[in-house]
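Peer 1: Structure provided below as structure tokens; questions to follow.
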Amino acid sequence: MVLKVKFSLVIDREKPEEVVATVHRRSELTDKIEAMVQQYAGEDQLPGYTEDDMRMLRFAEIEYITVQDGKTYAVDGRGDMYRLKLRLYELEEMLPKCFIRINKSALANEKHLMRFSAGFSGAVDAVFRCGRKEYVSRRCFAEIKRRLEQK
């Protein structure tokens, strides 16, 4: 007899994290799940890669995340770029609320935004602490303004 296992994941940033498993009996799998949950310390980091190196990047040190040539990169406070192995939509789901979408291929850590710079053509750039700039789409800029006005 093959048992069908039901899995559900509820993401609610307003509630404290809790892991509940309903099982018929203890098994090797439940022991592994329990060990994994107990080892998790609510870490707020992800691996970033350069050509020669891998470094754990804390969410707080990431200025922005961008997609270039189909690859996802995180930019830190020094302006260094690290390749990420996750897609932008996956990162958007896991990152804290301080990361906001600024265009279809970039997320910004609003804690690292220095200012917005308007060009002659009406284009707006986000200027980060590291000195780098990233284009802000009109639709995203309107949402960012609403969000900042609420604070």
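All of the numbers you see were taken from the coordinates with simple rules; none came from a lab. Here the structure is a predicted model, which is why all the values come from computation and not from measurement. Note that each Cβ is placed from the backbone with ideal geometry, even for glycine, and that neighbours are counted across all protein chains shown.
Peer 1: What does the extension gain come out to for Ser27 and Tyr49, with contour length at 0.36 nm per residue minus their alpha carbon separation?
Peer 2: Numbers: separation 22, 0.36 × 22 = 7.92 nm, distance 3.65 nm.
The span from Ser27 to Tyr49 would gain 4.3 nm if fully extended.
Peer 1: Taking a spot 7 Å from the Cα of Ser105 along the direction of its beta carbon, which residues of the range 61-99 have an amide N less than 11 Å from it?
Peer 2: 66-73
Peer 1: Give me the angle, in degrees from 0 to 90, between the Cα long axis of helix 138-150 and the longest principal axis of the Cα atoms of the chain, rounded to the nearest 10.
Peer 2: Helix 138-150 sits at roughly 80 degrees to that axis.
Peer 1: Report, to the nearest 10°, how far helix 28-39 tilts away from the longest principal axis of the Cα atoms in the chain, using its own Cα long axis and a range of 0 to 90°.
Peer 2: Helix 28-39 sits at roughly 40 degrees to that axis.
Peer 1: Run lengths n ≥ 4 of DSSP H only: what is the helix-derived mean residue ellipticity at 222 nm for the chain, with -39500 (n - 2.57) per run over all residues, to the nearest 500? If you can, show how the numbers build up before the last one.
Peer 2: Values: 3 runs with 32 residues, N = 151.
Taken over the chain, the calculation gives -6500 deg cm²/dmol.
Peer 1: Check Val136: other-chain or 5+ apart residues with amide H under 5 Å from its amide H, H built from backbone geometry?
Peer 2: So Val136 has HN proximity to Val124, Asp125, Ala126.
Peer 1: Still on this structure, I have one more. Put +1 on the Cβ of every Lys and Arg and -1 on every Asp and Glu Cβ in the range 45-150; which of Gly119, Leu91, Ala108 then has its Cα farthest towards the positive end of the dipole?
Peer 2: Of the candidates, Gly119 comes out farthest on the positive side.
Peer 1: Right, another one. Any idea what diffusion coefficient the chain gets from Stokes-Einstein, in µm²/s, Kirkwood Rh on alpha carbon pairs, 20 °C, 1.002 mPa s?
Peer 2: The calculation lands on 119 µm²/s.
Peer 1: Rounded to the nearest 0.05, what FRET efficiency do Ser117 and Ile11 give with R0 = 41 Å and r taken as the Cβ-Cβ distance? Could you check? Don't jump to the answer; show the numbers that get you there.
Peer 2: On the way: r = 34 Å, r/R0 = 0.83.
With R0 = 41 Å, the Cβ-Cβ based efficiency is 0.75.
Peer 1: May I pose another question? To the nearest 20 debye, what charge dipole does the chain have about its Cα centre, counting +1 at the Cβ of each Lys and Arg and -1 at the Cβ of each Asp and Glu?
Peer 2: On the way: 28 positive and 25 negative charges, 130 e Å.
That gives the chain a dipole magnitude of about 620 debye.
Peer 1: Restricting to lysines 8 or more places apart or on different chains, can you count the pairs in the chain with Cα atoms under 20 Å from each other?
Peer 2: Close lysine pairs found across the chain: 16.
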